[in-house]
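Input: a single structure, listed below in structure tokens.
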Amino acid sequence: MFNLIKAETKKILKKKSFLIVTIIFILYAILINVLYKNLNTITSVTEYDIADLQEENSHLDLSKEEDLAAFISNLTRIEIENLKNEYNTYPQKFLIENYLYSPMYHLLESRYYDSKSDKLTTLETEYNTTLELIKKGDWKYFVNANLTKYQNELSQTKDSNEKKRFEALIDLEEYRLANNVIYDESNYLHNALEDIKINLTEYLNLKNKSSLTSEEEKRYAYLQEQIAQDKYILDNKVDILNNTNLKSVFANFASEFGLFILIYIILIFGPIVSEEYNKGTIKYLLIKPYRRSTILLSKLLTGLLFIPFIILLMLALEFLIGGLILGFSSINIPVLIYDSAKNILVVYPIFKYTILSLLSILPMYLILGILAFTLSTITASTSAAITITFLFYLLGNVISNLALVYKFKIFKFFVSLHWDFSYLIARTSNPYHFSINFSLVILGLYIIVMLCLAFLYFRKKDVKNI
């Protein structure tokens, strides 16, 4: 048996198709890593078309209350955008957008509604003071101003929900000061702080609501996950949301490179028996002192052993290629999965997560490999084995999608609904609502039927005229 497996392994490794697919994979991996490197993860400050706003303002009748209100709003946005364009650094753009918009709006409102009011002088002073602080880049002034405001509001409010909100906001501002987190969108700590700040009010409102609609429950679950991730980032000072590093490629390895695994498997299992018929070498195999079942089993085991070999080869190549292009430092960053049922974050080291993700879809590759093996044995046609297997894979995807919409009972017996266990890694429920045991039974039945057909046919196959 060992000698047969050894001989089959040599045949596969010497095939041009194996070498060609490996070269194509290397080129594809280079492309994927370059694309990841050039992903723009920084969400730029929202930009407005100043010309459109100016055009709209030119057609407004300022004697009408509604038009005047729209005019002031548009003019405020125009002035803010012009100021933002004067600065190249994000911190100042952020401060202009978040701390100068309101003083600008109230100043313009006072000018157009009551230009003789004493309030106008006060608003001009407030605006100019704020602008000078922004020009100096004195971001800590605004943090301290927020702290003072939240502390005052905390001392005055009696609502328990509001107390929690202000306490959380105070903690965020204190964190920013303690860790010197400047207002910079390229800083992942700043983004985490701002995300919590944005989501906090809605999250607390939903948390304290006595009953939630189905949509509110989904929204609450989403906010729980986002805040939990942001808190992990702040507590551990790790940029888990960065999509431009090697960790991110490995986190998406199954989706980015899964098709190559399938191609490798089909190209190995598809011709593994049929080539012996086509070349006439099957006769030389059968005259050796091995049972037919042993010969066929050696081919099956060789193919099965190649599955982990292929996966490890691809992982090693991606690690080398991705490391050279993206750097190796990010491999220490974990993948976080939020378990909504237990309300906890599950932390996976990146390589563990990648391996588990691949193992969760291994049944699919196993089924498709055995299908190609069975077709190769029965049809004695490499092209038929490869083509039918690939079509079966496509059909499986179609039926899986249909099963999410149409609840036909017959669908539950189709293997594609059972060969993907990635929901276990993602800590979600089975999309088709099947138990793990039922899925394992279906997978086992398919494997047994296909192997029985292959072995029974091979044992009775007449090779005299080959």
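The values are calculated or read from the model by the stated rules, or taken from the named source; none is laboratory data. Quick caveat, the model's predicted, so the values are computed rather than measured. Neighbour counts are summed over all protein chains in view; Cβ atoms, including those assigned to glycine, are modelled from backbone coordinates with ideal geometry.
Please list, ordered by first then second residue, the pairs with beta carbon atoms under 7 Å, 6 or more apart or interchain, first in segment 4-16 and touching a residue at least 40 places away in the same chain (Cβ under 8 Å), second aliphatic (A, V, I, L, M).
Leu4/Ile295; Ile5/Leu301; Ile12/Ile268
Six or more apart or on different chains, Cβ under 8 Å: which pairs go from a residue in segment 55-84 that's not assigned by TED's automatic domain parsing to the domain that holds Leu107 to one that's acidic (Asp, Glu)? Could you list them?
The qualifying pairs do not exist here.
Considering every residue within segment 188-199, establish whether at least one is part of a helix (DSSP H, G or I) and either assigned by TED's automatic domain parsing to the domain that holds Arg427 or aromatic (Phe, Trp, Tyr) (or both).
So in segment 188-199, the residues part of a helix (DSSP H, G or I) come out as 188-199.
With either assigned by TED's automatic domain parsing to the domain that holds Arg427 or aromatic (Phe, Trp, Tyr) (or both) added as a condition, the list becomes 188.
Checked against the condition, which is being part of a helix (DSSP H, G or I) and either assigned by TED's automatic domain parsing to the domain that holds Arg427 or aromatic (Phe, Trp, Tyr) (or both), segment 188-199 yields at least one hit.
Can you pull out the helices (runs of 4 or more DSSP H) entirely within segment 1-111 that have at least 1 residues that are closer than 30 Å to Thr302 by Cα and not basic (Lys, Arg)? First the steps, then the outcome.
Working: elements: 2-14, 16-37, 50-58, 65-85, 90-95.
Correct list: 2-14, 16-37.
Scan segment 311-330 and report the pairs whose first residue is over 14 Å from Thr244 (Cβ atoms) and whose second residue is in a helix (DSSP H, G or I) and of a type in the set (D, E, K, R), with Cβ atoms within less than 9 Å and a gap of 6+ or a chain change.
Glu318/Glu256
Give the residues of segment 74-120 that are surrounded by 15 or more Cβ atoms within 10 Å (Cβ to Cβ), of a type outside the set (D, E, K, R) and closer than 19 Å to Ala51 by Cβ, sorted by residue number.
Asn74, Leu75, Thr76, Ile78, Ile80, Leu83
Please enumerate the residues belonging to segment 207-225 that are part of a helix (DSSP H, G or I) and either among the hydroxyl-bearing types (Ser, Thr, Tyr) or surrounded by fewer than 17 Cβ atoms within 10 Å (Cβ to Cβ) (or both).
Lys207, Ser214, Glu215, Glu216, Glu217, Lys218, Arg219, Tyr220, Ala221, Tyr222
Tell me, yes or no, whether segment 289-297 has at least one residue that is more than 30 Å from His190 (Cα to Cα), surrounded by 22 or more Cβ atoms within 10 Å (Cβ to Cβ) and either out of contact with any Phe, Trp or Tyr (no Cβ under 8 Å at 6 or more places or on another chain) or without any contact (Cβ under 8 Å) to a residue 12 or more places away in the chain (or both). Steps first, answer last, please.
Of the residues in segment 289-297, the ones more than 30 Å from His190 (Cα to Cα) are 289-297.
Applying the additional criterion that residues be surrounded by 22 or more Cβ atoms within 10 Å (Cβ to Cβ) yields 296.
Checking the rest, the ones that are also either out of contact with any Phe, Trp or Tyr (no Cβ under 8 Å at 6 or more places or on another chain) or without any contact (Cβ under 8 Å) to a residue 12 or more places away in the chain (or both) come to none.
No, segment 289-297 contains no residue that is more than 30 Å from His190 (Cα to Cα), surrounded by 22 or more Cβ atoms within 10 Å (Cβ to Cβ) and either out of contact with any Phe, Trp or Tyr (no Cβ under 8 Å at 6 or more places or on another chain) or without any contact (Cβ under 8 Å) to a residue 12 or more places away in the chain (or both).
Quick check: anything in segment 372-392 under 25 Å from Val249 (Cα atoms) and surrounded by 17 or more Cβ atoms within 10 Å (Cβ to Cβ)? Can you show your working first?
Initial filter on segment 372-392 (under 25 Å from Val249 (Cα atoms)): none.
No, because not a single residue in segment 372-392 is under 25 Å from Val249 (Cα atoms) and surrounded by 17 or more Cβ atoms within 10 Å (Cβ to Cβ).
Determine which single condition Glu275 fails, assuming it passes every other condition in (1) without any contact (Cβ under 8 Å) to a residue 60 or more places away in the chain; (2) over 24 Å from Glu174 (Cα atoms); (3) of a type in the set (Asp, Glu).
(1)
Checking His433 against (1) touching a helix residue (DSSP H, G or I) at 6+ places or on another chain (Cβ under 9 Å); (2) closer than 30 Å to Val335 by Cβ, only one condition comes out false. Which one?
The one condition His433 does not meet is (1).
Across segment 319-339, which residue is nearest to Thr428 (Cα to Cα) among those that are among the small types (Gly, Ala, Ser) and crowded, with 18+ Cβ neighbours inside 10 Å?
Within segment 319-339, the subset among the small types (Gly, Ala, Ser) is 322-323, 327, 329-330.
Checking which are crowded, with 18+ Cβ neighbours inside 10 Å leaves us with 322, 330.
Numbers: Gly322: 30, Ser330: 26 Å.
Ranking the qualifying residues of segment 319-339, first place goes to Ser330.
Can you tell me which condition Ile32 does not meet? The list is (1) more than 30 Å from Phe260 (Cβ to Cβ); (2) among the β-branched types (Val, Ile, Thr); (3) crowded, with 16+ Cβ neighbours inside 10 Å, and all the others hold.
(1)
Mind listing whichever residues of segment 412-427 are in a loop (DSSP other than H, G, I, E, B) and touching a residue at least 24 places away in the same chain (Cβ under 8 Å)? Lay out the reasoning, then the answer.
Taking segment 412-427 first, the residues in a loop (DSSP other than H, G, I, E, B) are 414, 418-421, 426-427.
Hits for segment 412-427 are His418, Trp419, Asp420, Phe421, Ala426, Arg427.
Which condition number in (1) surrounded by 12 or more Cβ atoms within 10 Å (Cβ to Cβ); (2) outside the structural domain of Glu174 (by TED's automatic domain parsing); (3) free of Cβ contacts under 8 Å to residues at least 12 places away in the same chain; (4) under 30 Å from Leu189 (Cβ atoms) is the one that Glu132 fails?
Against the list (1) surrounded by 12 or more Cβ atoms within 10 Å (Cβ to Cβ); (2) outside the structural domain of Glu174 (by TED's automatic domain parsing); (3) free of Cβ contacts under 8 Å to residues at least 12 places away in the same chain; (4) under 30 Å from Leu189 (Cβ atoms), Glu132 comes up short only on (1).
Considering only residues that are within 16 Å of the chain's Cα centre (by Cα), more than 20 Å from Ala228 (Cβ to Cβ) and either at pLDDT below 95 or not aliphatic (A, V, I, L, M) (or both), which ones fall in segment 352-382?
Thr354, Ser357
Is at least one residue of segment 146-167 farther than 24 Å from Asn179 by Cβ and touching a His at 6+ places or on another chain (Cβ under 6 Å)?
no
May I ask you to list the residues in segment 328-371 that are assigned to a loop (DSSP other than H, G, I, E, B) and within 15 Å of Val415 (Cα to Cα)?
Let us first name the residues in segment 328-371 that are assigned to a loop (DSSP other than H, G, I, E, B), namely 328, 333-334, 340-343, 349, 361.
Listed by number, the list holds a single entry, Ile361.
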